[in-house]
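The values are calculated or read from the model by the stated rules, or taken from the named source; none is laboratory data. These figures come from a predicted structure and were not determined experimentally. Every residue, glycine among them, receives a Cβ derived from its backbone with ideal geometry; neighbour counts consider all protein chains shown. Just the protein is used for accessible areas: all its heavy atoms, side chains included, with ligands, DNA and RNA removed. Shrake-Rupley method; radii C 1.70, N 1.55, O 1.52, S 1.80 Å.
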Amino acid sequence: QVQLVESGGGSVQPGGSLRLSCVASGSIDGPNVMGWYRQAPGKQREVVAQLTSGDKTTHIDSVRGRFFISRDSAAENTMYLQMNDLKVEDTAVYYCNYKSITLLKITGDYWGKGTLVTVSS
């Protein structure tokens, strides 16, 4: 089992910045993919960015160049999402996700409870 706790959400004006944090605990050894997802009101949950245990990163087109996913070099169980130049359409609940990988297959899929990001003027 893996437990995930997000923090760092809040309200910000367009153009502002926030940094989300996710702390993972439990059975977090081995290959994995951590990621940030978001769900806006009335919309499906979508992936925002992902980070593999080999430190490869991906970001969706709408946030590329504005959002940056990273891992704490001193605490590898901690992941961040730096969000810059926030837009109204970034408003959503942001979720931390952890996928355990065994022999190239997903063997565990865990979610945090989410943190709300509101961008408005």
Would you point out which residue out of G30, G54, G42 is open to solvent by 30 Å² or more (accessible area, probe 1.4 Å), out of contact with any strand residue (DSSP E or B) (no Cβ under 8 Å at 6 or more places or on another chain), outside any strand (DSSP E or B) and at positive phi? G42
Among the listed residues I60, I69, which satisfies the condition of being within 15 Å of the chain's Cα centre (by Cα) and over 19 Å from V2 (Cβ atoms)? I60
Here, strands (runs of 3 or more DSSP E) confined to segment 61-112 with at least 3 residues that are surrounded by 14 or more Cβ atoms within 10 Å (Cβ to Cβ) and modelled with pLDDT of 95 or more are 67-71, 78-83, 92-102
